[in-house]
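Quick note: the coordinates plus some simple rules give every number you see, no bench work behind them. These figures come from a predicted structure and were not determined experimentally. Ideal geometry is used to build each Cβ from the backbone, glycine not excepted, and the neighbour counts take in all protein chains shown.
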Amino acid sequence: MIRKFSGQTLLVATHNIGKLEEVAHLLEPFGIAVVGAKEMKLPEPRETENTFVGNARIKAHAAARSTGLPSLADDSGITIDGLNGAPGVYTADWAETGSGRDFEMAMSRAHDELLKNGTEQPWLAQFRCTLVLAWPDGHDEIFDGIAQGHLIWPPRGLDGFGYDPMFIPDGYNVTFSEMDRWEKNKISHRANAVEKFVAGCFG
Ligand code: IMP
């Protein structure tokens, strides 16, 4: 049995305003207050696990323990079939330069490695998002979201972020970067996980 959310306030353990707004928007019909990690002046814990769920649990439990509020955290990234699931939890790390993140470099690396190992097209890939809702008593619930698709080269589109310009979701012929933001937000891995969270904890 999935534990239902019964409080007045949900803490969303992210410093990313976009993610906070997305969750707040989807929870509007339930009339609960949503607060972010920045507002609560929470530190960002180190993500030391090697799975999405492991890192999401670190963030959700740290926030629930220090605030006494049920806390929602996510971890996300892209998995590429031809690279045995890489970069996976290291998606952001592939873009690290020492002085900020460079996603053109990260996308080039993915492309170079697919060419180097001779992976045939279509280059299948998935964006993944794991959401964890943790309560102060240590209980948690886990929801996995996925967006299936394939990678293209060269990248296309100006909107979005991260690996969006090289990812075409199944059923479309445009990249996440070429899509209207609201359309992407309807079919994304994050939307998929949030839908499962809402159905599980508020349904
Ligand atoms: P985090 O979960 O915020 O740590 O995100 C991990 C990394 O996954 C980000 O830095 C992005 O590179 C990538 N990522 C997650 N979601 C998306 C997305 O919707 N589009 C493009 N890249 C994404």
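Tabulated data for the structure shown
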{"read-out": "Percent of beta bridges antiparallel (DSSP, the chain, rounded to nearest 5)", "value": "80"}
{"read-out": "Tensor-based shape of the chain (alpha-carbon gyration tensor, a/c under 1.5 rounded, otherwise prolate or oblate)", "value": "prolate"}
{"read-out": "In degrees, nearest ten, helix 103-116 long axis to first principal axis of the chain (Cα)", "value": "50"}
{"read-out": "Rounded tilt (10° steps) of 52-67 against the dominant C-alpha axis of the chain", "value": "30"}
{"read-out": "Cα long-axis angle, helix 189-202 against the chain (0 to 90 degrees, to the nearest 10)", "value": "20"}
{"read-out": "Amide H contacts under 5 Å for Trp123, placed H, 5+ residues apart", "value": "Leu151"}
{"read-out": "Spatially near lysine pairs across region 9-201, Cα under 24 Å, sequence gap of 8 or more or different chains", "value": "11"}
{"read-out": "Protection proxy ranking of 182-192, 69-79, 52-62 - average other beta-carbon atoms within 10 Å, highest first", "value": "69-79, 52-62, 182-192"}
{"read-out": "Selected from Met166, Ser71, Ala110, residue furthest toward positive end of dipole (the chain; charges at beta carbon)", "value": "Ser71"}
{"read-out": "Most fluctuating residue given options Phe30, Phe143, Phe103, as computed from a GNM of the chain linking Cα atoms under 10 Å", "value": "Phe30"}
{"read-out": "Cβ charges +1 (Lys, Arg) and -1 (Asp, Glu), total dipole of the chain, debye", "value": "520"}
{"read-out": "CD proxy at 222 nm, helix term only [per DSSP H run n ≥ 4: -39500 (n - 2.57); per residue of the chain; nearest 500]", "value": "-9500 deg cm²/dmol"}
